[in-house]
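The values are calculated or read from the model by the stated rules, or taken from the named source; none is laboratory data. Note that the coordinates shown come from a computational prediction; the quantities given were computed from them, not determined experimentally. Note that each Cβ is placed from the backbone with ideal geometry, even for glycine, and that neighbours are counted across all protein chains shown.
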Amino acid sequence: MKVSMNWLNDYIDLKGVKIDDLTNKMILIGNEVDSVTRLCDVSNLVIGHIKAKEKHPQADRLSVCMVDIGEKELKQIVCGAPNVAKGQKVIIAKPCTILPGNVVINKVTIRGVDSEGMICSLAELGIDSKYLSEEDKHGIHVLPKEVKVGEDPIKYLGLDDLVIDFDLTPNRGDLLSMIGMAYEVGAIIDKPIKLPNNKVKEISNSIKKYLTLEVDTDNCPLYIARMVKNIEIKESPAFIKNRLMAAGIRSINNVVDISNYVMLEYGQPLHFFDYDKLGNKIGVRMAQDNEVVTTLDNEKRILDHNDIVITNNDGIIAIAGVMGALNTEVDHNTKTLVIESAIFNPVNVRQTSKKVFRSEASIRFEKGLDYNRTMEAINRACYLLAKYANGKTLKGTLCHNNIKPVTKKIVIDQERIKRVLEMEISVKDIADIFRRLEFDYLQHDTKFTVTVPSRRLDINIAEDLIEEVGRIHGYDHIKGILPTTSIKVGTYSNQYLKRKKIRQKLEALNLKQVITYSLVSKDMINMFTKDKFEYIEIKNPMSEDKKILRYSLLPSLLKVVEYNLARQLKDIYIFEIGAIYYKDNDQYIEEEKITGMMVGNYLTNLWQNKKIEVDFYVVKGILETLFNYLGLTKYIKFNKVINPPREFHPGQVAEILLDDEFIGYIGRIHTSINKLPIYMFEISLAKINQYKIDALEYQEVPKYPSITKDLAFILDKEISAIDIINTIRETGQPLLTNVDIFDLYIGDNIGKNKKSIAFTLEFRALTKTLTEAEIKPIIDNIVNNVEQQYNAKLRDR
Amino acid sequence: MDIIKQIENIKQDLDVQLSKVDNLKALNDLRTKYLGRKGIIQQLSEGISELSIKEKKEFGRHLNQFKELAIAKINKIQDKLNEEELNKKLSSEAIDVTLPGTKVDTGHSHPITKVIEEIELLFISMGYDVVEGPEVETDLYNFELLNLPKGHPARDAQDSFYINDEMLLRTQTSPVQIRTMLANKDKTPIRIICPGKVYRRDEDATHTHQFTQIEGLVVDKNISVAHLKGTLELLARKLFGKDRTIRFRPSYFPFTEPSFEVDVSCFKCSGEGCSLCKHTGWLEILGSGMVHPNVLRACGYDPEVYTGFAFGMGVERTAMLKYGITDIRDIYINDLRFLDNFNYIDGGDINES
């Protein structure tokens, strides 16, 4: 809400009020200030009188003027405006004046002719062209003859105004009016409010002879209509134009301007119909579905049964609270007005305006209106129409009134205020605050019974009054303390803590945490999975690329990797822990995933030519470390996948099983998506969370030395290493304590489609030092079993 | 005695020869020459049989003395040569210590996580529980029970992503308050903070459609605005330095009454006014207020007995202020050059606590 200080001064005496003090105090009582501007921010201007005008000797389009600016000598000024003429009173910028856009006016010579200043247009003074008349758009501004030479033209034009732009909270609809603002400022500067004149002189002719009203819906509790005839449409007086300009509204003509002016004054939107187009009946009802109307902006609007409409005998003449229809628009020929001042259901107006158009009127209807101002505002409009448009108001009103006036009385005790705010405040101070706010109250010792004025729709309960007292008294009086409650240990949930630990482990393993968006595009939703699932789609997305809740984090991480690769980064290892979303039998499921993606060198020293490239086994190693940390190693399996999702390299992908349940994939990206060896994993944290983590238990350090034996087997290429390891483990129980692979060889000299794997086996007893003789039969068994079960051949032992 | 003299001469020879030795091989040759099985000393001792007993004794004593001396002298030279050899080897193994080390990196948290953890630790230490809730939320929990019925104009401030008429992506972490209060069947006091992702239809240099909030809620008997202020003072000082002050500006949130926007004194200019605080001396950091009686009532707490405060802050905005990030969208691009800024210990965190 943009508030003109000149205008506000009509309702409350602002003499002696410093603008900085005022804005600062308004901020501290809850009204944010976006900006303070001058309507016209130029000084050093004077009114000049053009005594003579001649054509510039060197330039056809320029004139050389001799101007009286109230000094001893006439000033010679070169002017390029087409409309400049001898005898005009004009606005002169003297040398050293700074115009908007940092244009400095100097004494200059223009094509050989000296010029001591500039004759100004309003545009040059920084007035936005949308507020200018056609003449003012194309030339200098010509002042009336009667103005005095040498005086300040800005003051004369009423442009010497300060405008404060307030960013108001949505509950304070009352502040969307100059009168409401006056009450708020009054509470700060403690001065009384002067309400505007709205005395209506009615003529004897009654409205009832010309018009009937029929309200056919509960969504219009109050509707008042008046008629004004003999209207003369013309330009508005300067003060109305300036004040509307300060509020950001363009002047149209005196009649339209008055409807806007009254809305800004009272916060009550009005609508003016042309009576001659309207006919003799006005109605209010709900629209039918798919009913069509052409609004003032010449747009076809399709309505539904939630929209309130105003009608005449032929159909819709306005969408209530939002916009009028073209068919009853006030124009140059309008002679008789029907004025509407009404209250509509805010919820309906809000729905309609969201769909149709957000107007200054609808914004006010949506927040709710003061029913005591509905009549006042319509009368004020009649008063102004009489004064500035020669309008004659017909006797009486048409009125539909279903409002049940309730007087809101709230009882509040000083003790309660002090307890909630924990602030020292005297009964006298509280009483003073209610008085400044112009709230009626009765006081009994420390108890106040406050009658809330009808303009304050935001005040309904005792807490609201506590807020009023607090904000006017000033929250800086409150000294912060900590609550004195019982001592208690703060906790994380198990899930939260586990996620945190996993995150820290992955960070220790050199992965960097990223956070990506949950909303993805439709083409990303089926990537990296073969699941059949019901995805969750947004009904009103902002864009196609943020339309569906993701089912995997991998597409998003792939985008991050590609983004970084495109910026010459080569070594990328990232992870994210976040939810995926889907629907399962009407249940909305959020399942947490741990997802990582890696490419480049995991460890590098360039000058030593030393590096560990990220490959399947680096990523697998990272996961193994993580599973080991979580105590899950014994439940985890990495299995070959026959038919992986098509985004994976079919030869380099495994499914990860936890206790034989699928929890995710690890693998390389398919080379058709990216040729680089990008590896990734995605595992379900939700499934890991189903496992209770064992308490940490110390394992005694072995007392006796171990014996190590190496065995190498030649096997068929397809046989998985893990199967051999499992066989070795089983056979070697209980003395075999560890099996590792230390060599893998593939070459023709050991046969086509064969491979050689070398294992190192560690044996240890807890109670003694083992001898070679003791383990020999175990090793023989192992060799036998492996050879028989896998058609293997011992190569080395 | 001749032989004794002979030993003296041999001793002198040895000294001369030892002084010329400069490598272990020559020394070993000398050792063999004097101490070997066919060496000089052995040869001398073979001549002993021709002597009288007295002479034998005398000669034997001299010879033994000489032998021990020769061993000692040779060993001494050997030690010296060994050391020289070792030094030579070690110095040949010298490296350029100024060459760069192997890049042994660690990963690190996203800046959003860093800020959440900082806040979370403060509140955990004051006995708050960290609680989470779903991101796909009902209109009931996200709005209605928070005193925002359908059609309420304040819903405009939180333009929502709807899935259908009843389900939406939560626009705030406040529904976790509701869930926590409703789930607490015994209606005992509550102290929680709730970090999490939230979603609004908004996108520019200071808004992303997805962002992170931390919500705080305390419900107990006799909770006052002063308690809220004291708690938030601690928070502001933890995040922005121990000299910070805060101010409460009255505001409006449907679920709190009274409501406050909270500003912290600008940490860059200490309130003098600078470009960061747009010359106001204050930075807006969060919204807060006393839990609205309607909200308490809807969650089964009697507002005549219980009061509470709640606050909610945007983690991105806090991170932007704290670390000087100018465009919120950078936070979600995940450019590693941006993220690597956060692989450092935060001096502000260590020095101010």
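Condition check ((1) touching a strand residue (DSSP E or B) at 6+ places or on another chain (Cβ under 7 Å); (2) surrounded by fewer than 19 Cβ atoms within 10 Å (Cβ to Cβ); (3) outside the structural domain of A:ARG436 (by TED's automatic domain parsing)) across all residues:
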position	(1), (2), (3)
A:ASP152	yes, yes, yes
A:LEU168	no, no, yes
A:MET181	yes, no, yes
A:TYR210	yes, yes, yes
Subject >> helices (runs of 4 or more DSSP H) enclosed by the range A:214-284 - at least 3 residues per element that are under 22 Å from A:THR311 (Cβ atoms) >> reply: A:275-278
**OP:** Give just the number: which of (1) within 17 Å of A:GLN351 (Cα to Cα); (2) at the interface with another protein chain (Cβ under 9 Å from one of its Cβ atoms) does B:ILE124 not satisfy?
**Re:** (1)
**OP:** Could you list all residues from the range A:434-444 that are under 39 Å from the mean Cα position of the chain (by Cα) and surrounded by fewer than 21 Cβ atoms within 10 Å (Cβ to Cβ)?
**Re:** A:ARG435, A:ARG436, A:GLU438, A:PHE439, A:ASP440
Original post:
Considering only the range A:546-571, how many residues are surrounded by fewer than 22 Cβ atoms within 10 Å (Cβ to Cβ) and touching a Leu at 6+ places or on another chain (Cβ under 8 Å)?
Top reply: 5
Subject >> strands (runs of 3 or more DSSP E) fully within the range A:21-115 counting 1 or more residues that are buried (at least 19 other Cβ atoms within 10 Å of the Cβ) and small (Gly, Ala, Ser) >> reply: A:45-55, A:63-68, A:89-93, A:113-115
**OP:** Would you tally the residues in the range B:213-227 being facing chain A (nearest Cβ under 8 Å) and either in contact (Cβ under 8 Å) with a residue 40 or more places away in the chain or basic (Lys, Arg) (or both)?
**Re:** 7
**OP:** Among the numbered conditions (1) outside any loop (DSSP other than H, G, I, E, B); (2) surrounded by 17 or more Cβ atoms within 10 Å (Cβ to Cβ); (3) not aliphatic (A, V, I, L, M), tell me where B:TYR301 comes up short.
**Re:** (1)
Original post:
What number goes with the only condition from (1) more than 23 Å from the chain's Cα centre (by Cα); (2) surrounded by fewer than 22 Cβ atoms within 10 Å (Cβ to Cβ) that B:MET290 does not pass?
Top reply: (2)
Subject >> Matching strands (runs of 3 or more DSSP E) fully within the range A:639-739 where at least 1 residues are without any contact (Cβ under 8 Å) to a residue 12 or more places away in the chain >> reply: A:648-658, A:661-669
**OP:** Kindly indicate which of A:LYS137, A:LYS148 is more than 14 Å from every other protein chain (Cβ to nearest Cβ) and either part of a helix (DSSP H, G or I) or under 21 Å from A:ASP41 (Cα atoms) (or both).
**Re:** A:LYS137
**OP:** Mind listing just one residue for me: the one in the range A:471-497 that is more than 7 Å from chain B (Cβ to nearest Cβ) and in contact (Cβ under 8 Å) with a residue 60 or more places away in the chain and, of those, farthest from A:ILE594 (Cα to Cα)?
**Re:** A:ILE472
Original post:
Which is under 23 Å from B:GLU83 (Cα atoms), in the same structural domain as B:LYS88 (by TED's automatic domain parsing) and of a type in the set (D, E, K, R), of B:LYS38, B:LYS25?
Top reply: B:LYS25
Original post:
Considering only the range A:570-617, how many residues are facing chain B (nearest Cβ under 10 Å), of a type in the set (D, E, K, R) and in contact with a helix residue (DSSP H, G or I) (Cβ under 7 Å, 6 or more places away or on another chain)?
Top reply: 1
**OP:** Inspect all residues belonging to the range A:288-307 and state whether any of them is in contact with a Cys (Cβ under 8 Å, 6 or more places away or on another chain) and of a type outside the set (Phe, Trp, Tyr).
**Re:** no
**OP:** Select from the range A:503-517 the residues that are within 24 Å of A:LEU623 (Cβ to Cβ) and either more than 11 Å from chain B (Cβ to nearest Cβ) or not charged (D, E, K, R) (or both) and list them in ascending order.
**Re:** A:GLN504, A:LEU506, A:ALA508, A:LEU509, A:ASN510, A:LEU511, A:GLN513, A:VAL514, A:ILE515, A:THR516
**OP:** Identify, from the list A:THR352, A:THR334, the residue that is touching a residue at least 40 places away in the same chain (Cβ under 8 Å) and either away from chain B (no Cβ under 14 Å) or within 22 Å of A:ASP257 (Cα to Cα) (or both).
**Re:** A:THR334
Original post:
From B:ALA310, B:ALA319, which residue is at pLDDT 95 or above and more than 10 Å from chain A (Cβ to nearest Cβ)?
Top reply: B:ALA310
**OP:** For the range B:279-288, state whether one or more residues are within 13 Å of another protein chain (Cβ to nearest Cβ), assigned to a loop (DSSP other than H, G, I, E, B), touching a strand residue (DSSP E or B) at 6+ places or on another chain (Cβ under 9 Å) and without any contact (Cβ under 8 Å) to a residue 24 or more places away in the chain.
**Re:** yes
**OP:** State yes or no: is A:ILE724 out of contact with any His (no Cβ under 7 Å at 6 or more places or on another chain) and either modelled with pLDDT under 90 or crowded, with 18+ Cβ neighbours inside 10 Å (or both)?
**Re:** yes
Original post:
Looking at the range B:260-276, which of the residues that are buried (at least 24 other Cβ atoms within 10 Å of the Cβ) and closer than 30 Å to B:PRO149 by Cα is farthest from the other protein chains (Cβ to nearest Cβ)?
Top reply: B:VAL262
Original post:
Quick check: anything in the range B:216-228 within 30 Å of A:LEU519 (Cβ to Cβ) and touching a Phe, Trp or Tyr at 6+ places or on another chain (Cβ under 9 Å)?
Top reply: yes
**OP:** Select from the range B:238-250 the residues that are over 17 Å from B:SER224 (Cα atoms) and without any contact (Cβ under 8 Å) to a residue 40 or more places away in the chain and write down the one among them that is nearest to the other protein chains (Cβ to nearest Cβ).
**Re:** B:THR245
**OP:** Name the one entry in A:TYR563, A:TYR551 that is assigned by TED's automatic domain parsing to the domain that holds A:ILE515, more than 23 Å from A:PHE638 (Cα to Cα) and among the aromatic types (Phe, Trp, Tyr).
**Re:** A:TYR563
